[in-house]
Amino acid sequence: MKRTHHCSQLRATDVGHKVALAGWVHVRRDHGGIVFIDLRDREGLTQIVFDPQHNKPSWELAQALRSEFVVAVEGVVRSRPAGTDNPKLPTGQIEVLVHTLEVLNSSETPPFQIDETQAGEDLRLQYRYLDLRRPAMAKNLILRHKVAKAVRDYFDANRFLEVETPILFKSTPEGAREYLVPSRVNPGKFYALPQSPQQFKQMLMVAGVERYFQIAKCFRDEDLRADRQPEFTQIDIEMSFVTRDDVLAMMEGLVAHIWQAARGEKLPLPFQRMAYKDVMERFGSDKPDTRFGMELVDFTEDFKASAFKVFRSAVDSGGVVKALNAKGLAGATQGQIEQLTETAKSFGAKGLAYIKVEAGEWKSPIVKFFSEAEKAALIQKLKIEEGDLILFGADKRESVWEVLGRLRLVVADILKKTGKLTVRDDQWNFLWVIDFPLLEYRPEEGKYYARQHPFTAAVPEDVHLLDTDPLKVRGSQYDLVLNGQEMAGGSIRIHRPDMQKKMFEEVLKIPADVAKARFGYMLEAFRYGAPPHGGIAFGFDRLVATLCGTSNIRDVIAFPKTAKAFDLMTDSPSEVEPKQLRDLHIKLDLES
């Protein structure tokens, strides 16, 4: 029989119409000899009814139906009896009285109920094809499709070309760990799966494509977390003849278009911008959640002559003293204080200095060392009131950023659980973080490293500092942050061959022969008129997960891997036949 409607389509206006539906038996109920079934397809549910007074053969056949049987039915739409409407369903005012039933396939008892939310994730991943039948998971996949379509529509309207770049690529081991692919026809040589299409998209700019995008598969052989997968998807973009402001404006338009398509919400533009140093000073993180305050406040000058030796020695050694006010948390339990202390220690602090403001007193063993001027500075800058908990950090600037930035998030979680801090999940605080340091120095190796990648250009006014003070050079890098998560990152690129060569060999100290072996084709291409260009990449899985309201990107990927990069459904990775290894000229040495 031909299906006329999906299972979320029928309404009261369809009463009296003959229809045909198909799907899975979601729930079966017997009421006084009449069989009620919630029939489910990708779009939703419709209640269907088997009445022996109406059609006994179909009613008899319905006696054998169980959860997840696949059926097709024909019948007539009728209104539900008075008082039995289901306002939670779009189809909740109607039901279908079945004339004809066809069992298309039976089903064994599933290892978990399809609408069960308590089933363990490993079990759901093992039977992922069943897990994807859950309405919540189907909804996620549908939204993922809508976002991908919105991306393509937006870029097409703005004259971008979607270009596919190779999956088999050249190894560039200075980045994250790669997946290697042996070449059978070139013994002893390997491809690498791309961590991103970065170099290819820059080649496309040299080729004159001007505006490129791709919804690209990327691969990284790294330890996984809830927001990491060995293979992931990103929206990859590159543009020629642009400045940073051009790229940021185009991307804001993209995000606004996605939010409108996926959620029907209009985002206010432009997004806020903040320099890297400012966000670190205020929030202790380069991806701050700005939906709540609790900012870090500097007290270095106030405590430079302090009688408290910990603060005084930090300032004397060139460090800083900073604090944050966890308002309303003076009543923290001993367990919560221990949690905060362990968090501080885990990020390099020797301990945690704090003050509880309770019953009109400042309760802390360090208060006795504070002068009246120091106390006044704390009161004024932190707006201290009864019930506050003050947390301190005193060390090198970067260490204090790290410790207090982490404590800020832990405190926020505690306050949210106790109802003292309200943070809405649908509050979209987008922020561009700009002017990152171009380089970092690793004293144990005695050399500089690119903080993003070696193709990022310096901010023009800082280029002269590459020869005299490289750590002061700002990169033309920009990250898009949303509610404490990085959504996208990119930069304006180096496009001159002499400057790219200088970055490789003089700044990053990559030997000329190594730079040529890894990136020679780029240096060669740049000699033939590379235009100024820049780009960005969005984490597509993270973006969709945010729109779906989940913190786990596995919820928006059809067939994800576990935290150990294992596919429980297909039982992979797996061993291969010895002949396959011989053909690839590979000999295993598992003991070493």
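Remarks
- Members of the range 353-378 that are under 17 Å from Thr300 (Cα atoms), of a type in the set (A, V, I, L, M, F, W, C) and either more than 40 Å from the chain's Cα centre (by Cα) or open to solvent by 30 Å² or more (accessible area, probe 1.4 Å) (or both): Ile366, Val367, Phe369, Phe370, Ala373, Ala376
- Some residue of the range 466-474 being open to solvent by less than 60 Å² (accessible area, probe 1.4 Å), assigned to a helix (DSSP H, G or I) and over 25 Å from Met274 (Cβ atoms): no
- Exactly one residue out of Arg124, Arg184 is open to solvent by 80 Å² or more (accessible area, probe 1.4 Å) and among the charged types (D, E, K, R): that is Arg184.
- Checking the stated criteria, Thr300 turns out not to satisfy the condition of being out of contact with any Cys (no Cβ under 6 Å at 6 or more places or on another chain) and farther than 15 Å from Leu382 by Cβ.
- Scanning the range 58-88 for residues that are more than 26 Å from Glu116 (Cβ to Cβ) and touching a residue at least 40 places away in the same chain (Cβ under 8 Å), we see that the one that is surrounded by the most Cβ atoms within 10 Å (Cβ to Cβ) is Gly75.
- Restricting the range 268-308 to residues that are touching a residue at least 24 places away in the same chain (Cβ under 8 Å) and open to solvent by 60 Å² or more (accessible area, probe 1.4 Å) leaves a set whose member that is farthest from the chain's Cα centre (by Cα) is Ala307.
- Scanning the range 408-459 for residues that are of a type in the set (Val, Ile, Thr) and closer than 17 Å to Ala275 by Cβ, we see that the one that is surrounded by the most Cβ atoms within 10 Å (Cβ to Cβ) is Val433.
- No other residue among Asp413, Asp388 is over 19 Å from Met280 (Cα atoms), acidic (Asp, Glu) and in contact with a Lys or Arg (Cβ under 6 Å, 6 or more places away or on another chain) apart from Asp388.
- Where a residue in the range 384-395 is under 19 Å from Phe311 (Cβ atoms) and its partner, wherever it lies, is of a type in the set (A, V, I, L, M) and open to solvent by 30 Å² or more (accessible area, probe 1.4 Å), with Cβ under 6 Å and at least six apart: Ala394/Val310
- From Glu505, Glu486, residue being charged (D, E, K, R), surrounded by fewer than 20 Cβ atoms within 10 Å (Cβ to Cβ) and under 21 Å from Val206 (Cβ atoms): Glu505
- Contact annotation: residue pairs with Cβ atoms under 7 Å, 6 or more positions apart or on different chains, pairing a residue in the range 240-261 that is closer than 17 Å to Pro532 by Cα with a partner that is open to solvent by 20 Å² or more (accessible area, probe 1.4 Å) and charged (D, E, K, R), are Ser240/Glu210.
- Any strands (runs of 3 or more DSSP E) falling wholly within the range 35-141 and containing at least 2 residues that are polar (S, T, N, Q): 44-50, 94-105
- Counted residues, the range 149-196 - those being among the hydrophobic types (A, V, I, L, M, F, W, C) and either farther than 22 Å from Glu238 by Cβ or assigned to a loop (DSSP other than H, G, I, E, B) (or both): 10
- Residue check, Gln93 in contact with an Asp or Glu (Cβ under 6 Å, 6 or more places away or on another chain), modelled with pLDDT of 95 or more and open to solvent by 80 Å² or more (accessible area, probe 1.4 Å): yes
- Within this structure, Asp30 passes the test of being surrounded by fewer than 18 Cβ atoms within 10 Å (Cβ to Cβ), of a type in the set (Asp, Glu) and closer than 30 Å to Tyr127 by Cα.
- Test: residue in the range 515-536 that is under 30 Å from Ala262 (Cα atoms), open to solvent by less than 20 Å² (accessible area, probe 1.4 Å) and aliphatic (A, V, I, L, M): yes
- Annotation: of all residues in the range 230-246 being β-branched (Val, Ile, Thr) and over 21 Å from the mean Cα position of the chain (by Cα), the one that is least open to solvent (accessible area, probe 1.4 Å) is Val242.
- Given (1) free of Cβ contacts under 8 Å to residues at least 40 places away in the same chain; (2) among the charged types (D, E, K, R); (3) open to solvent by 30 Å² or more (accessible area, probe 1.4 Å), number of the condition Asp41 does not satisfy: (3)
The values are calculated or read from the model by the stated rules, or taken from the named source; none is laboratory data. Computed from a predicted model, the values in this text were never measured in an experiment. Please note: Cβ atoms are built from the backbone with ideal geometry, for glycine as well, and neighbour counts cover all protein chains shown. The accessibility values were calculated without ligands, DNA or RNA, using every heavy atom of the protein model including side chains. Shrake-Rupley method; radii C 1.70, N 1.55, O 1.52, S 1.80 Å.
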